[in-house]
Amino acid sequence: MEGGCFCGRVRYRVDGAPLAATLCHCQSCRRATGGVNVAWAVFENAAFEQLSGDVAWHSSSPGIRWGHCANCGSLVLYCRDSRPDHTDITTVTFDDPNAFPPTVEIWVENKLAWEQLNAALPNRPRSSLNE
């Protein structure tokens, strides 16, 4: 499965199924994208290959890095030191975003008051991978 940023300069490929597919409601994801929430697919680093483009990294706090296309600014990647073997990819940047639908909603304790949760999905007050 391949994907890329808005302008097409950053392209990547993943192999296999994600370790997790989440819909995150945390304030950091909202601020990083300007969206209400962000869908993520989490892969082992060995399953991820960057094919082209330059990723600009922003550290929002120690051990947290957000990877944006250096040209158009699209958020594509997320990495954290507490999970050094994982790369999180914004699901909507896949060529087929429907391939990895969320299976859990996370950080719902931070969701906006007017936002509706998906009743068909389990939800977690905080993260799902570390709990």
Amide H neighbours of Leu19 at under 5 Å, excluding residues fewer than 5 places away on the same chain, with H built from the backbone geometry, are Val42, Phe43, Glu44
For His86, other-chain or 5+-apart residues with amide H closer than 5 Å (H placed, Pro excluded) are Asn45
Computed over the Cα atoms of the range 41-104, the Rg and Dmax in Å are 11.9, 32
Heavy-atom accessible area of the range 1-91 with neighbours in place, 1.4 angstrom probe: carbon+sulfur share in percent works out to 47 percent
For the range 4-107, the per residue accessible area (1.4 Å probe, Å²) is 49 Å²
Karplus-derived 3J(HN,Hα) from phi for the range 95-112 (6.51 cos²θ - 1.76 cosθ + 1.60, θ = phi - 60°), whole Hz, x at Gly and Pro, runs 4, 10, x, 6, 5, 10, x, x, 10, 7, 9, 10, 6, 5, 5, 9, 5, 5
Semi-axes in Å, largest first, for the chain (Cα gyration tensor, √(5λ)) are 22, 16, 15
Under Stokes-Einstein, the range 1-49 at 10 °C and 1.306 mPa s, with its Kirkwood radius over C-alpha pairs, diffuses with a coefficient in µm²/s of 131 µm²/s
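What is the local net charge at Glu44, summed over the other residues whose Cβ is closer than 11 Å to its Cβ (Lys, Arg +1; Asp, Glu -1)?
Every neighbour counted, the sum reads -1.
The values are calculated or read from the model by the stated rules, or taken from the named source; none is laboratory data. Not measured: the values here are computed from a predicted model. Backbone-built Cβ (ideal geometry, glycine too); neighbour counts: all protein chains shown. Heads up: the accessible areas ignore ligands, DNA and RNA and are worked out on the full protein's heavy atoms, side chains in. Shrake-Rupley method; radii C 1.70, N 1.55, O 1.52, S 1.80 Å.
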